[in-house]
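For reference, the structure discussed in these notes is given below.
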Amino acid sequence: MSTDQTPSAVLYQVVAKEMNTTEAAVSQATSLEELGIDSLEMIEIVMAVEDRLGIAINDRELREVTSMPELLALIERSPKKAAA
């Protein structure tokens, strides 16, 4: 994993692209609401992050996430997908 592929870097890149904003704005945001992320966008963000990091995010835990720090913490503790 290169330095630009850390979980936080990947999350900020994906959210910035999805929400048409800058990574700096994403990193400064605290709540998902602040970024205007709705449930459909959240699914798209999570799928992109899972693909880029090769992880599997728990759907049940994801429903409880309301902030960027919570989402990042969930991503960081998510297990790697089993090799196909």
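The values are calculated or read from the model by the stated rules, or taken from the named source; none is laboratory data. Only a predicted model underlies this, so the values are computations on that prediction, with no experimental measurement involved. Don't worry about glycine lacking a Cβ; one is built from the backbone with ideal geometry, like all the others, and counts go over all protein chains shown. Just the protein is used for accessible areas: all its heavy atoms, side chains included, with ligands, DNA and RNA removed. Shrake-Rupley method; radii C 1.70, N 1.55, O 1.52, S 1.80 Å.
Please identify every one of the trypsin sites (Lys or Arg not before Pro) in the stretch 33-84 that sits in a loop by DSSP and has no more than 12 other beta carbons within 10 Å of its own beta carbon. It would help to have the intermediate numbers written out before the result.
Working: sites: 52, 60, 63, 77, 80, 81; in loops: 63, 81.
Within the stretch 33-84, the qualifying trypsin sites (Lys or Arg not before Pro) (loop, at most 12 other Cβ atoms within 10 Å) are 63, 81.
Based on DSSP H assignment, which helices of the chain show an axial Cα extent of at least 15 Å together with a mean Kyte-Doolittle hydropathy greater than or equal to -1.0? All intermediate terms of the calculation are to be shown ahead of the outcome.
Details: long enough: 7-19 (18 Å, 0.56); 39-53 (21 Å, 0.75).
Helices passing the filter in the chain: 7-19, 39-53.
Let's see if you can work this out: charge +1 on each Lys and Arg Cβ, -1 on each Asp and Glu Cβ, no other charges. What is the dipole magnitude of the chain about its Cα centre, in debye to the nearest 20?
My answer is approximately 360 debye.
Of all the Cα-Cα pairs you can form in the chain, what percent are over 21 Å apart?
On the way: 689 of 3486 pairs.
Here the long-distance tail beyond 21 Å is 20 percent of all Cα pairs in the chain.
Under a crude label model (7 Å from the Cα following the beta-carbon direction), how far is residue 6 from residue 70 in nanometres?
The modelled label-to-label distance comes out at 2.3 nm.
Taking H as built 1.01 Å from N, whose amide H comes closer than 5 Å to the amide H of residue 55, not counting residues under 5 places away?
Answer set, sorted by chain and number: 81.
If you roll a 1.4 Å probe over the heavy atoms of the protein chains, what accessible area per residue do you get for the chain, in Å²? Could you put the intermediate results ahead of the total?
Details: 5300 Å² over 84 residues.
So the chain comes to 63 Å² accessible per residue, rounded to a whole number.
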